[in-house]
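Working notes, structure below.
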Amino acid sequence: MNAGFKRGFTLIELVLVVAILAIVSVVAIGKFSDFRKNAARKTNVANLKNITRTINTKLAMLDGEVQRGLFAYCESLIDCAEGGGAPRGTEGDYLYKSSWYDGAGGSVPGIYCGIKRTEAVVNASGVGTGQVAAIADAHESNLGLEKFASSLMMYYPTAKEVGSLRDAGISVLSYHNYSNQQSSRVCKWTGSEWELKYGLHATGGGPGQRADLSACYPVVLTNGMAIAVLNPAKCASIYRDLGLDYATTNRVEGLNAEDPKTYFTKGICKRLVAVGMGRDSEINTKLFENMPRCPTLDQKHYRNYILLFSMDNGTGNSGTAVTFVGVIDPEGNTAKSAQYNADWAS
């Protein structure tokens, strides 16, 4: 045999090597994906704790001073896809889940889940005719708060409650719409007292087909304007994680999970008002150099963190006092439950 002869790989050996490399690659990619998910979960926990700590520190520094405007321009979690301004209703009333959310986001206005009907998209952004359908499709893929929407509900505050919300710092809320142009044209607040008296203008980016880049327009909070509150029948764990009173519902007569008022009138818990910590909110622009967003959700979902405020039920000496109580992510996780999810996944 020739001593200089070198034997090469056979076809079978090459196939085996390629197969092994493919298996190793799949495992490595999976591990990397798991690493990214675990890192996102841990970042989410850190964000929840940091936002809560920062806000509480600011509130402590105020030391009883009027907080008016501190939480101004936070995002309303209400969808105004029909135009015509913020949804309004009878003071002190609720709009239940069956009236506004069908699981596919087909009913608007309601809890923010993005525009779901192509015909709702008006060519107000100056785009060419051929682009309207593409923009409409992008809007329809906007999932908004879909993962948490069924745990929220709409409430129409009274004039007294609006005063308490303003004293707590919530004076102006930014409502979602398709675009800046539609915010001013379709919703008809250009030239109104909101713009002339308060100097409000459309903010945000967009035409808003991404849930975290929806165009917003700010309106002054008034009685009868819809705000989002937690459904106590579905959010008992959030109350308890935040250290809030939540009485047992065992053998309490007259409770109805579809009627949240029964939980409040029976003294089970207080109302928790929910607003989004959007880009233009005072609490974000004044306290955070970079706006924290939930890293566990993609850009089709609403990714801004949600601030919760306790509002008394308006009975007895407590009146309708409003206080900041904590932060949850757009999926409804508190820092405690997010920490549990991160620990369990790692």
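Among residues of region 125-173 being β-branched (Val, Ile, Thr) and modelled with pLDDT of 75 or more, the one that is farthest from Gly332 (Cα to Cα) is Thr158.
Of all residues in region 64-76 being modelled with pLDDT of 75 or more and within 20 Å of Thr320 (Cβ to Cβ), which is surrounded by the most Cβ atoms within 10 Å (Cβ to Cβ)? Don't jump to the end; show me each part of the working.
Taking region 64-76 first, the residues modelled with pLDDT of 75 or more are 67-76.
Filter once more, keeping what is within 20 Å of Thr320 (Cβ to Cβ): 67-72, 74, 76.
Numbers: Gln67: 19, Arg68: 13, Gly69: 13, Leu70: 22, Phe71: 25, Ala72: 20, Cys74: 28, Ser76: 26.
The selected residue is Cys74.
Restrict the check to region 237-259 and report whether at least one residue is within 21 Å of the chain's Cα centre (by Cα) and small (Gly, Ala, Ser). Yes, that holds for at least one residue.
Inclusion of Thr249 among residues that are at pLDDT below 90, in a loop (DSSP other than H, G, I, E, B) and surrounded by fewer than 19 Cβ atoms within 10 Å (Cβ to Cβ) is warranted.
For region 85-100, the criterion of being part of a loop (DSSP other than H, G, I, E, B), modelled with pLDDT of 75 or more, crowded, with 22+ Cβ neighbours inside 10 Å and within 16 Å of the chain's Cα centre (by Cα) is met by no residue. Can you find a residue in region 280-287 that is in contact (Cβ under 8 Å) with a residue 12 or more places away in the chain, assigned to a loop (DSSP other than H, G, I, E, B), among the hydroxyl-bearing types (Ser, Thr, Tyr) and farther than 21 Å from Thr54 by Cα? No, every residue in region 280-287 fails to be in contact (Cβ under 8 Å) with a residue 12 or more places away in the chain, assigned to a loop (DSSP other than H, G, I, E, B), among the hydroxyl-bearing types (Ser, Thr, Tyr) and farther than 21 Å from Thr54 by Cα.
The values are calculated or read from the model by the stated rules, or taken from the named source; none is laboratory data. Keep in mind it's a predicted model, so treat the numbers as computed, not measured. FYI the Cβ positions are ideal-geometry reconstructions off the backbone, even for glycines, and counts take in every protein chain you see.
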